[in-house]
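Have a look at the structure below before the remarks.
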Amino acid sequence: MYEHYQGLIFDMDGTLLDTEPTHSLAWQHALAKYGMHYDSLSMTALNGAPTWQIAEAIIRRHRSDLDPHILAAEKADIAEVMLLDTVKPLPLVDVVKTFYGRRPMSVGTGSTHALAERLLRHLGLRNYFVAVVGADDVQYHKPFPDTFLRCASLMQVPPEHCLVFEDADFGIQAAGRAGMDVIDVRTL
């Protein structure tokens, strides 16, 4: 089904790895000390955004003057510890294994590069990918195309010959802006 694409790009959280419930719980823990709460339903629109942008939206909603980068770092520290105990691959990993050695593949994620590397290594998946591009590897994050364009460049595949697997609206918009075909894994 994906044979005519020269390169495959995968979002990580919610696409390759089942991390969403843990991220939500980590937000709850990080926000509790500030008397704030995380409403996962209202935050769904920000799926795929870097953690500091989500922190910025939460702070704005609570009319707080916290530094979003500090809050994001606190959440990331909590999430990393929790994820190493709970993270599991999602069924789309079968596509990765099927195309390993047949097509260059990469991960383009709203998570930090270091966290993505750590989780993929922890699950024995890192070697399947030519490159991992995290939110801290680009200036403009999803919904801008930079993450996926960098993936294509590192795979040495023209963007129009790449297919992106995504589970978030921001990522789907980013893939379209990059001139790539995209599969919304929420519909699989």
For the range 99-162, give the percent of accessible area contributed by carbon and sulfur heavy atoms, probe 1.4 Å, rounded to a whole number. 50 percent
Quick one: with all protein chains in place, what share of the accessible area of the range 19-86 is carbon or sulfur, to the nearest percent (1.4 Å probe)? 56 percent
Using the Kirkwood radius over Cα pairs of the chain, the Stokes-Einstein translational diffusion coefficient at 25 °C and 0.890 mPa s, in µm²/s and rounded to a whole number, is 148 µm²/s
Need one word for the range 19-86: rounded, prolate or oblate. Basis is the Cα gyration tensor (sqrt eigenvalues a ≥ b ≥ c); a/c below 1.5 gives rounded, then a/b vs b/c decides. prolate
Among Ser40, Ser111, Ser64, determine the one that fluctuates most according to a GNM of the chain built with springs between C-alpha atoms less than 10 Å apart. Ser64
How much area per residue is accessible in the range 19-86 when the probe is 1.4 Å and only protein heavy atoms are counted (Å²)? 53 Å²
Mean separation of Cα pairs under 8 Å and 6+ residues apart, divided by the residue count of the chain: what relative contact order is that in percent? 29 percent
Where Rh denotes the Kirkwood radius from the mean inverse Cα pair distance, what is Rg over Rh for the range 102-187? 0.94
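Can you tally the lysine pairs in the chain where the Cα-Cα distance is under 20 Å and the two residues are eight or more apart, or on different chains?
Values: Lys33/Lys75; Lys75/Lys88; Lys75/Lys142; Lys88/Lys97.
Here the count comes out as 4.
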DSSP beta bridges in the chain: the antiparallel percent, rounded to 5, is 5 percent
Using a/c under 1.5 as the rounded threshold, could you call the range 38-127 rounded, prolate or oblate? The axes a ≥ b ≥ c are square roots of the C-alpha gyration tensor eigenvalues, and prolate needs a/b larger than b/c, oblate otherwise. prolate
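The values are calculated or read from the model by the stated rules, or taken from the named source; none is laboratory data. Nothing here was measured: the structure is a model prediction, and the numbers come from that model. All accessible areas refer to the heavy atoms of the entire protein, side chains included, with ligands and DNA or RNA removed. Shrake-Rupley method; radii C 1.70, N 1.55, O 1.52, S 1.80 Å.
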